[in-house]
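The values are calculated or read from the model by the stated rules, or taken from the named source; none is laboratory data. This structure is a prediction, so every number in the text was calculated from the model and none was measured. Cβ sites come from the backbone with ideal geometry, for glycine too, and all protein chains shown count toward neighbours.
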There are 2 protein chains.
Amino acid sequence: MRPSIVLFGDSITEEAFGEGGWGAHLANHYSRSADVVLRGYSGYNTRWAAMVAARAVVAGAAGVAAPPAAVTVCFGANDASLPGRASALQHVPLPEYRDNLRAICALLAAAWPSVVVILITPPPVHDAARVRYQYGGDCAGLPERTNESAGAYARACVEVAAECGLRVIDIWSKMQRFPGWESSFLRVVFEEVVFALKDASLGLEALPADLPLFCDMDPNNPVKSFDE
Amino acid sequence: MRPSIVLFGDSITEEAFGEGGWGAHLANHYSRSADVVLRGYSGYNTRWAAMVAARAVVAGAAGVAAPPAAVTVCFGANDASLPGRASALQHVPLPEYRDNLRAICALLAAAWPSVVVILITPPPVHDAARVRYQYGGDCAGLPERTNESAGAYARACVEVAAECGLRVIDIWSKMQRFPGWESSFLRVVFEEVVFALKDASLGLEALPADLPLFCDMDPNNPVKSFDE
């Protein structure tokens, strides 16, 4: 009945329903017209995501019966972890990152030919904070990921999107345009996803509510509005 | 693959993904193990809910392929609107409210024999605020709903649950136990729903993550954890 929008990604997706999160905003935005299905896997890189995409999204979100209308794909923050540093386990070399993204997109397109795939780049890294709060064992106080590295993966993501003819949200660039982005709550992701969905003719105005709004009911005969 | 939890109700449900909302908290709580499916219809009473339940929940949430594990049913706030006042259109007499709730629960049980149905009573009404901020035309400044009336519907909801052997969350009573409930963000609903789901063996500890957590991966062979 309602179309669904699947959010597939790493912790930026898994945590999207936390306080002020972009997934919660999206579910609220589409509260009467589309289901937002969460498939977020903290810590995952594209190597692992490509391995599980068929299970997590194609079979998994087809806990949803109909093909989803859209899937957001947001990976790269973990791939961009520096080799030889504390998060080396998550590192994926840039050429493989591109290949994995391509494989994920090809899988989605094969499963659901009409699905709208929206790539989302990794977000910027707040270098100073990353040094201050070390992740998982410090390796001589060196940061395990940097904004520069995240930027390289973001550019690769944008290039893969162009090559595959897909929409892309470059949050690495967009977030850094906002003063204070280091402590923002990814509200910009919500706004950009809504914009991309609208661009794909999946805006709120294109998705009718599945049942009449109370304000549209005939006060003299409210029940009439349920006639099919 | 993942079980789903359907939230069926009026505006308390439709707005559950708003800032600090109980639905968003629930989706976040179950982010790796269950889907939270929103079926909230602002302004609806049980008369209309009973009419559309088959479409909205049984056919609709079976945009979800498998039967949901649980459904929360939260109606009554609109039914309790006073007859002859500004929201009379939404009023449903108490005996009919009981019948409608029974019909909704019977429908869910017939469609999905093993589904866990959790009734949620209407919340308390902040009488002073309700007089101050009149809803839809004032009818001589008289409130269109009162805490007393909401309480009567809450008690009826608790009774129907007992009669049908269903779990119930009496938020009318529970919320009033918290000082400052009038301006609270229904966090208590989240906590109570989590408690009821746990009681129905649908707690977080009973629902395995559908894919390995990053922290559980073997650092020497992360890919091994995806073996089926």
**OP:** Take the residues in the stretch B:5-29 that are assigned to a loop (DSSP other than H, G, I, E, B) and surrounded by fewer than 24 Cβ atoms within 10 Å (Cβ to Cβ), then tell me which one is modelled with the lowest pLDDT.
**Re:** B:GLY20
Original post:
From the set of residues in the stretch B:47-75 that are in contact with a Ser or Thr (Cβ under 9 Å, 6 or more places away or on another chain) and not aliphatic (A, V, I, L, M), which is modelled with the lowest pLDDT?
Top reply: B:GLY63
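Take the stretch B:217-228 and flag every residue that is surrounded by 11 or more Cβ atoms within 10 Å (Cβ to Cβ) and without any contact (Cβ under 8 Å) to a residue 12 or more places away in the chain.
Step one: filter the stretch B:217-228 for residues surrounded by 11 or more Cβ atoms within 10 Å (Cβ to Cβ), giving B:217-218, B:222-223, B:225-226.
Hits for the stretch B:217-228 are B:MET217, B:ASP218, B:PRO222, B:VAL223.
Rundown of residues vs (1) crowded, with 18+ Cβ neighbours inside 10 Å; (2) within 14 Å of another protein chain (Cβ to nearest Cβ); (3) farther than 22 Å from A:GLU192 by Cβ, yes/no style:
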| residue | (1), (2), (3) |
| --- | --- |
| A:ALA66 | no, yes, yes |
| A:ALA69 | yes, yes, no |
| A:PHE75 | yes, yes, no |
| A:ASN78 | yes, yes, no |
| A:TYR97 | yes, no, no |
| A:LEU101 | yes, no, no |
| A:LEU107 | no, no, yes |
Original post:
If only one of A:ARG39, A:ARG2 is closer than 17 Å to B:VAL37 by Cα, at pLDDT 90 or above, outside any helix (DSSP H, G or I) and out of contact with any Ser or Thr (no Cβ under 6 Å at 6 or more places or on another chain), which one is it?
Top reply: A:ARG39
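Among B:PHE195, B:PHE190, which is aromatic (Phe, Trp, Tyr), within 27 Å of B:PRO3 (Cα to Cα), modelled with pLDDT of 80 or more and part of a helix (DSSP H, G or I)?
Within the list B:PHE195, B:PHE190, the selection yields B:PHE195.
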Original post:
Is it true that some residue in the stretch A:35-58 is over 26 Å from A:SER201 (Cα atoms) and touching a residue at least 60 places away in the same chain (Cβ under 8 Å)?
Top reply: no
**OP:** Read through the list (1) assigned to a loop (DSSP other than H, G, I, E, B); (2) surrounded by fewer than 24 Cβ atoms within 10 Å (Cβ to Cβ), then give the number of the only condition that B:ALA56 fails.
**Re:** (1)
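Condition check ((1) modelled with pLDDT of 95 or more; (2) in a loop (DSSP other than H, G, I, E, B)) across all residues:
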{"position": "A:ALA80", "(1), (2)": "yes, yes"}
{"position": "A:LEU89", "(1), (2)": "no, no"}
{"position": "A:LEU101", "(1), (2)": "yes, no"}
{"position": "A:ILE104", "(1), (2)": "yes, no"}
{"position": "A:PRO113", "(1), (2)": "no, yes"}
Original post:
In the stretch A:1-54, which residue that is of a type in the set (Ser, Thr, Tyr) and closer than 15 Å to B:ALA16 by Cβ is farthest from the other protein chains (Cβ to nearest Cβ)?
Top reply: A:TYR30
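If you check B:TYR133, B:TYR153, which single one turns out to be within 24 Å of B:GLY21 (Cβ to Cβ), at pLDDT below 80 and hydroxyl-bearing (Ser, Thr, Tyr)? Break it down stepwise before answering.
Details: B:TYR153 fails: at pLDDT below 80.
Residue meeting the stated conditions: B:TYR133.
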**OP:** State whether the residues of the stretch B:203-219 include one that is at pLDDT below 85, under 25 Å from B:ASN100 (Cα atoms) and either part of a loop (DSSP other than H, G, I, E, B) or within 14 Å of chain A (Cβ to nearest Cβ) (or both).
**Re:** no
